[in-house]
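Visitor: Starting off with a structure, shown below.
The values are calculated or read from the model by the stated rules, or taken from the named source; none is laboratory data. Just so you know, these numbers come straight off a predicted model, no measurement behind them. Positions of Cβ are generated from backbone atoms using ideal geometry, with glycine treated the same way; all protein chains shown enter the neighbour counts. For accessibility, only protein heavy atoms count, side chains too; no ligands or nucleic acids. Shrake-Rupley method; radii C 1.70, N 1.55, O 1.52, S 1.80 Å.
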Amino acid sequence: GMVSNWTKIPPPLFKKVVIVLIDALRGDFVFGAKGKQFMPYTTQVVEKGTSYSFIAEAKPPTVTMPRIKALMTGSIPGFIDVVVNLNSPALLDDNLIWQAKTAGKRIIFYGDDTWVKLFPKHFVEYDGTTSFFVSDFTEVDNNVTRHLDRVLKREDWDLLILHYLGLDHIGHMTGPNSPLVGPKLREMDNILKKIHISLLSKEEASLPNLLVVCGDHGMSETGSHGGSSEGEVHTPLLFISSAFQKRSGPLAQPEHVQQTDLASTLAIGLGLPISRNSVGNLILPVVGGKTMREQLRFVHLNGFQLSRLLQENTPAYEKDPGYEHFKIAEKSHGNWIKLYLEGNNSEILLNLGKKVLKQYLEALKTLSSSLSKQVAQYDMYSMMVGTVIIMEVLLLLLLSVPKALSNRAEFEVPLSPPLFSLLFYLMCLMLCAVHVIVCTSAESLCYFCSMSWLTAVGVMMLISALMCGILSAVAKIFENSRLPPKNPIVSSSSWSEIDVLILAGTIGHILSLGASSFIEEEHQTWYFLINTLCLVLCQELCRNNFLLEECDPHSTNMKQNFYSIGETSECKNIDIPAGSNSKLGKATSSSEFVKGSDKWISLATPWIILICCRLLRSLNQTGVQWAHRPDFGHWLTSSEHKSELSFLTAVSLLMIFFLVQRRCSLVSKIAMALGLLGVYSYRAAIGNVIFPWQHGGKDISK
């Protein structure tokens, strides 16, 4: 019209909103076979009820705190939030909870206390449960559910948030295929049924209520999360309300949306401004029941917020394809409004409206994609400079270890002035030139470029000095290796095969941590390295015991000394008793026997270790690929084999006692015996093992 009213916030679409967040809820737990078996009510609502179902895609890192941030702010948290996840500070970004509180909405929260830390003083009532008692599957959820009956009867709230942790704990302890998952899903289904029926019974004709069911992240095949596997990033997202049309046909494959889309959708649903830094899109089916004018208004608000965010973060925002599409859609929207106000209600107006809506959705998608890419852009130059300094210091430390651990415990870096002073100045000049080129051509903001030139030159000098030090140390090592050995019989090479293997294995293991698949299967790297190390040790021992034995002058010197003692005693007429001669002979033979037995023990040790490692590999199948395979550990921990596990536990504890007690005093022996008995009693109390006199699997007193 003549006066623009689009800046006014549209009225809310729902009176009360309940968000049920089930931690580690995978997509197949609702839409797969498990959902049909253990969540019958939810499945019925999804397939035949008034609901919309989606698969929400979470961006890594898939841990709780960054996911809550994404759900409530619509922004994409960084990997630093993985660390902050352990001790969540208050969330200062613009978010849905703050907007709701500012608008006078009364919010109640029960569940994971991460919310209480992120949103302090935002809830009119809350009860936080801690997420770090991972073995608690029951009480952690009962502490949320116990408030439900009382709260659902009340009318003094607008937004209720429930965060259930039990399923996540089961996943961590026993995995997604555990028999405990089914009963927990059934429990969640009953809770959703109770909430849905209560919301329907208290609904008013003017404004319906909304139930949102979602997960913060999924879980991998081992029950963990944090990575980017399909099971970890795909979570169900359900919108259930009487405002939606009832489904008639069978449920098609749920549409994929971004997890960040929830913040924008709920903001529109509650009549709130969309969070300032949100990169999410409005999920259109949720507002699909409204008139075309209202739908266009909602998507325009979302587009305006995204375009404003793009303007704040991109200097050349006008050239962005998403911004261009938005401006075209906005112009078409203006033309549509003119036709609408003229009273044109024909089919042409409706089709034109659908076309404008399509233009807006394409613009939103492109804008969101551009902004998400910008969020994922990191200050690569500053990160590379920091990485180079760290790697140089690490290399210098590695080169210094052999000298530092020697008798003299010192490390000298000899800098030869003519060569290295020239190299130092050349490196400084080259690095400064690179710095100038990068900082003058960089389009985005760079932390290292924003520093003063004096500080930047100091950093360049540090990098150059460290590099010269490393080259000096390497040159010194090569110089020492060329010197002739002091003992011509035994080689005095400073680097043996074992040294090379340990260094290569350490570096190889560090490099393997650059890929998530190697991290998930890290045990395979360790199996390979330990087996290789054992074989090299075996070769080294064989060489020392057999090849170098003939070259060892120690035994011949002993014999010469022994004969010289006899000759000296004869010359000086000193009487050596006959017994002492025989004793010396016995001592020599016994020492030779001990030496011989030690030799065979040392030769056998690597092979024993290899056999033990092979047994350990079959004890527990681990990693993402093989966790579901049967192994000895699963066999032992199954309820049918408690007696075998109890016997092995008792034997192991007794062996620990008999191996250690020989060197202990009486008091220590008693204390150790009581301690080990306590270990067994604790395991019996929690049901892992049983006492011999226990019958019928009855629990003993805790």
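Visitor: When the residues of region 254-307 are filtered to those that are in a helix (DSSP H, G or I) and of a type in the set (Gly, Ala, Ser), which remaining residue is farthest from Ile161 (Cα to Cα)? If you could, list the steps in order and put the result at the bottom.
Guide: Our first condition is that a residue be in a helix (DSSP H, G or I); within region 254-307, this holds for 261-269, 284-287, 292-307.
Filter once more, keeping what is of a type in the set (Gly, Ala, Ser): 263-264, 267, 269, 303, 307.
Numbers: Ala263: 14, Ser264: 17, Ala267: 15, Gly269: 15, Gly303: 28, Ser307: 30 Å.
Ranking the candidates gives Ser307 first.
Visitor: Pick out the one residue from Lys184, Lys153, Lys202 that is touching a Leu at 6+ places or on another chain (Cβ under 9 Å), loosely packed, with under 15 Cβ neighbours inside 10 Å and of a type in the set (Lys, Arg).
Guide: Lys202
Visitor: Can you name the condition, by its number, that Ser441 falls short on among (1) touching a residue at least 12 places away in the same chain (Cβ under 8 Å); (2) within 15 Å of Tyr381 (Cβ to Cβ)?
Guide: The one condition Ser441 does not meet is (1).
Visitor: Among the residues of region 636-643, are any over 30 Å from Met219 (Cα atoms), touching a helix residue (DSSP H, G or I) at 6+ places or on another chain (Cβ under 9 Å) and open to solvent by 60 Å² or more (accessible area, probe 1.4 Å)?
Guide: For region 636-643, residues over 30 Å from Met219 (Cα atoms), touching a helix residue (DSSP H, G or I) at 6+ places or on another chain (Cβ under 9 Å) and open to solvent by 60 Å² or more (accessible area, probe 1.4 Å): absent.
Visitor: Any residue at all in region 58-68 that is more than 17 Å from the chain's Cα centre (by Cα) and either crowded, with 21+ Cβ neighbours inside 10 Å or modelled with pLDDT of 95 or more (or both)?
Guide: no
Visitor: I'd like to check something: does region 609-631 contain any residue that is modelled with pLDDT of 85 or more, surrounded by 14 or more Cβ atoms within 10 Å (Cβ to Cβ) and aromatic (Phe, Trp, Tyr)?
Guide: No, region 609-631 contains no residue that is modelled with pLDDT of 85 or more, surrounded by 14 or more Cβ atoms within 10 Å (Cβ to Cβ) and aromatic (Phe, Trp, Tyr).
Visitor: Taking region 192-242, which residues are outside any helix (DSSP H, G or I), more than 23 Å from the chain's Cα centre (by Cα) and under 17 Å from Gly49 (Cβ atoms)?
Guide: Listed by number, the residues that qualify are Glu203, Pro208, Asn209, Leu210, Leu211, Val212, Val213, Leu238, Phe239, Ile240, Ser241, Ser242.
Visitor: Could you grab me the full set of residues in region 237-250 that are open to solvent by less than 60 Å² (accessible area, probe 1.4 Å) and touching a residue at least 60 places away in the same chain (Cβ under 8 Å)?
Guide: Leu237, Leu238, Phe239, Ile240, Ser241, Ser242, Ala243, Phe244 - these are the residues of region 237-250 that are open to solvent by less than 60 Å² (accessible area, probe 1.4 Å) and touching a residue at least 60 places away in the same chain (Cβ under 8 Å).
Visitor: Answer with yes or no whether Cys664 is of a type outside the set (Ser, Thr, Tyr), farther than 24 Å from Gly175 by Cβ and at pLDDT below 85.
Guide: For Cys664, the condition - of a type outside the set (Ser, Thr, Tyr), farther than 24 Å from Gly175 by Cβ and at pLDDT below 85 - is met.
To keep it simple, each residue is scored yes or no on (1) open to solvent by less than 10 Å² (accessible area, probe 1.4 Å); (2) farther than 27 Å from Asn345 by Cα.
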| residue | (1), (2) |
| --- | --- |
| Pro273 | no, yes |
| Gly280 | yes, yes |
| Glu294 | no, no |
| Leu306 | yes, yes |
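Visitor: Within region 324-373, which residues are of a type in the set (A, V, I, L, M), closer than 13 Å to Leu296 by Cβ and open to solvent by less than 40 Å² (accessible area, probe 1.4 Å)?
Guide: Ala329, Ile337, Leu349, Val356, Leu357, Ala363, Leu364
Visitor: Identify, from the list Gly288, Gly280, the residue that is more than 20 Å from Lys16 (Cβ to Cβ) and in contact (Cβ under 8 Å) with a residue 60 or more places away in the chain.
Guide: Gly280
Visitor: Exactly one of (1) more than 30 Å from Ala515 (Cα to Cα); (2) assigned by the TED database to the domain that holds Trp526; (3) among the hydroxyl-bearing types (Ser, Thr, Tyr) is unmet by Ser646. Its number?
Guide: Among (1) more than 30 Å from Ala515 (Cα to Cα); (2) assigned by the TED database to the domain that holds Trp526; (3) among the hydroxyl-bearing types (Ser, Thr, Tyr), Ser646 violates only (2).
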